[in-house]
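Have a look at the structure below, then the notes.
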Amino acid sequence: TVYLYAANGSHTGKLTTPFSASARADVDAYCAPKTSLSVIAVPSFSHYHAFISISADDAIINFPSRYALPANWKIKSFSGNIIAHNWADLFDGSINMKLESAGVVDTFWWSGSNIDGSYENENNCGGWTVGTNDKMGRTGAHNALDSDWIFESTRNCNNSLKLLCIGW
């Protein structure tokens, strides 16, 4: 099973710095099992990543090829609710259960992604390095079954929103 969950706390769009050796490592740190940055009581996973598109190459849609995520596994919440039957099902324009109803997240979250899970190259808080209202970031919705679940709106990067994570 692949699990979708929320990291602890809320975060502005400044999730890394422009001087970082690895923006992905910085953002993934929020999702690490059993750390002060992650959600409490996250099981130990062999693999975990922030569920956010960082760049065109490091977009959510590319996780199976980039990180060896099993594309044919179900995507579930910790409570066992099925969000999608496989990776492709996540990006077909709808999900099986609202993230809020599944127990994943109860508010809006940073996605940085288009409907198909590719990188949203205009609304990404300056590559997730800016936490001010000068930039915008793409968000997903907790209360949607349609494509708004990942492509709901753009918000100023000074907003504190949730960051979702994926583990397997």
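Note that the chain presents 43 Å² accessible area per residue, ligands and nucleic acids not counted, probe 1.4 Å.
Full extension of the chain between residue 66 and residue 160 gives 31.0 nm of extra length, using 0.36 nm per residue less the Cα-Cα distance.
For residue 98, a cut-off of 20 angstrom between C-alpha atoms picks up these aspartates and glutamates, skipping any fewer than 8 places away in its own chain: 89, 106, 116, 146, 148, 152. Applying 0.36 nm per residue to the separation of residue 17 and residue 88 and subtracting their alpha-carbon distance, the gain on full extension is 22.4 nm. For the chain, a Gaussian network of Cα nodes joined below 10 Å ranks 46, 113, 101 by mean-square fluctuation, and the top entry is 46.
One entry in [x] 18.8; [y] 15.4; [z] 22.1 is Kirkwood radius over Cα pairs in Å calculated from the shown coordinates; its label is [y].
Look at the alpha carbon pairs under 8 Å that are at least 6 residues apart: their mean separation over the length of segment 50-120 gives a relative contact order of 38 percent. Picking from 73, 149, 109, which is most flexible by a Gaussian network model of the chain using Cα springs under 10 Å? Highest fluctuation among the options: 73. Cβ under 15 Å from residue 160's Cβ, residue 160 left aside: what net charge do those residues give with Lys, Arg +1 and Asp, Glu -1? After counting each charged neighbour, the total is +3. Of the solvent-accessible surface of segment 1-102, computed with a 1.4 Å probe and all protein chains present, 52% belongs to carbon and sulfur.
In percent, what relative contact order does the chain have, based on Cα pairs under 8 Å that are 6 or more apart in sequence? 32 percent. Taking 0.36 nm per residue of separation and subtracting the Cα-Cα distance, full extension of the segment from residue 101 to residue 25 would add 24.4 nm.
The values are calculated or read from the model by the stated rules, or taken from the named source; none is laboratory data. Note that the structure is a prediction, hence the values are computed from the model and not measured. Note: ideal-geometry Cβ built from the backbone for every residue, glycine included; neighbour counts use all protein chains shown. To get the accessible areas, we keep the full protein, side chains included, count just its heavy atoms, and leave off ligands, DNA and RNA. Shrake-Rupley method; radii C 1.70, N 1.55, O 1.52, S 1.80 Å.
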